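The values are calculated or read from the model by the stated rules, or taken from the named source; none is laboratory data. No experiment lies behind these values; they were computed from the predicted model shown. Here the Cβ positions follow ideal geometry from the backbone for every residue, glycine too, while neighbour counts run over all protein chains shown. Heavy atoms of the whole protein, side chains included, go into the accessibility calculation; ligands, DNA and RNA do not. Shrake-Rupley method; radii C 1.70, N 1.55, O 1.52, S 1.80 Å.
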Amino acid sequence: MARKLAASLGEFDIRERLAPRAPAWLVQIGFAFVCIFAEIVVRALINQVFPGAAPFALIYPAVLAATLFAGGLSGFVVLAISELLAWYFVLPEPGTFVLSNPADGPRLVVIFISGLIVIFLASAFRSAVRNAARLRTAQLAERDLLLREIEHRTKNNFAMVSGLIDMQRRRSE
């Protein structure tokens with residue numbers, strides 16, 4: 001069951017699900033905002049229990065989910081907006097983009113680079129899963145063709161045996 005769920009999640013693509021209704025780029029950006037909203041809600045819930053704990057920790061799961069389910073553009077939008085939100089609301093002077101601590105600038109750069117790495121790895125994973133799914137579909141189609149061919153040949157063999165039995169029956173009469 002877990003394997004089946006993992007396979008279906010690995011092949012899930014929100015762009016394909018909504019393709020006829022909206023352009024892919026719009027779906028990706030829309031899904032990015034869904035992930036950002038979820039990130040904000042989870043962050044607010046965590047702050048109720050553990051105020052101020054790991055303010056940047058949810059950026060990576062949100063970027064990963066956006067990239068895996070909607071593509072690289074979605075992951076990049078989540079990364080950029082999440083980092084701006086964290087910068088504005090969390091760093092030493094909340095409510096401003098002022099970097100009063102000299103370590104904040106490099107911290108933001110490292111978080112951004114780490115997010116780009118997550119996007120790259122998730123995109124590579126998406127590509128590998130899609131290729132594996134395409135290969136599996138091709139193999140299943142080939143297997144079905146071979147099974148139909150075997151069934152056809154088996155029917156021909158039974159028809160031939162039936163014909164030979166009919167010939168023997170007529171000859172014996």
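In the condition set (1) open to solvent by less than 100 Å² (accessible area, probe 1.4 Å); (2) in a loop (DSSP other than H, G, I, E, B), Phe112 is compliant with all but (2). Scanning the range 102-149 for residues that are out of contact with any Gly (no Cβ under 7 Å at 6 or more places or on another chain), polar (S, T, N, Q) and more than 21 Å from Ala54 (Cα to Cα) returns Ser127, Asn131, Thr137, Gln139. Does Ala57 satisfy the condition of being modelled with pLDDT of 90 or more and either among the hydrophobic types (A, V, I, L, M, F, W, C) or open to solvent by less than 50 Å² (accessible area, probe 1.4 Å) (or both)? When the stated conditions are applied, Ala57 does not pass them.
A quick yes/no check of all residues on (1) open to solvent by 80 Å² or more (accessible area, probe 1.4 Å); (2) of a type in the set (Asp, Glu); (3) assigned to a helix (DSSP H, G or I); (4) modelled with pLDDT of 90 or more:
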{"position": "Leu116", "(1), (2), (3), (4)": "no, no, yes, yes"}
{"position": "Ile119", "(1), (2), (3), (4)": "no, no, yes, yes"}
{"position": "Ser127", "(1), (2), (3), (4)": "no, no, yes, no"}
{"position": "Glu142", "(1), (2), (3), (4)": "yes, yes, yes, yes"}
{"position": "Leu145", "(1), (2), (3), (4)": "yes, no, yes, yes"}
{"position": "Arg148", "(1), (2), (3), (4)": "yes, no, yes, yes"}
{"position": "Arg153", "(1), (2), (3), (4)": "yes, no, yes, yes"}
{"position": "Met160", "(1), (2), (3), (4)": "yes, no, yes, yes"}
{"position": "Arg169", "(1), (2), (3), (4)": "yes, no, yes, no"}
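When we screen Leu85, Leu99 for residues that are more than 17 Å from Leu121 (Cα to Cα), open to solvent by 30 Å² or more (accessible area, probe 1.4 Å), modelled with pLDDT under 90 and in contact with a Gly (Cβ under 8 Å, 6 or more places away or on another chain), the only hit is Leu99. Here Ala132 passes the criteria (1) open to solvent by less than 100 Å² (accessible area, probe 1.4 Å); (2) within 27 Å of Phe12 (Cα to Cα); (3) modelled with pLDDT of 90 or more except the one numbered (3). Applying the condition of being open to solvent by less than 60 Å² (accessible area, probe 1.4 Å) and among the aliphatic types (A, V, I, L, M) to the range 21-40 and asking which residue is modelled with the lowest pLDDT yields Ala22.
Among the residues of the range 60-82, those that are open to solvent by 30 Å² or more (accessible area, probe 1.4 Å) and more than 19 Å from Ala124 (Cβ to Cβ) comprise Ala80, Ile81. Of the numbered criteria (1) open to solvent by less than 70 Å² (accessible area, probe 1.4 Å); (2) farther than 29 Å from Phe12 by Cβ; (3) charged (D, E, K, R), the one Arg107 fails is (1). Each residue in the range 42-64 was checked for being farther than 23 Å from Val110 by Cα and of a type in the set (Phe, Trp, Tyr), and 1 pass.
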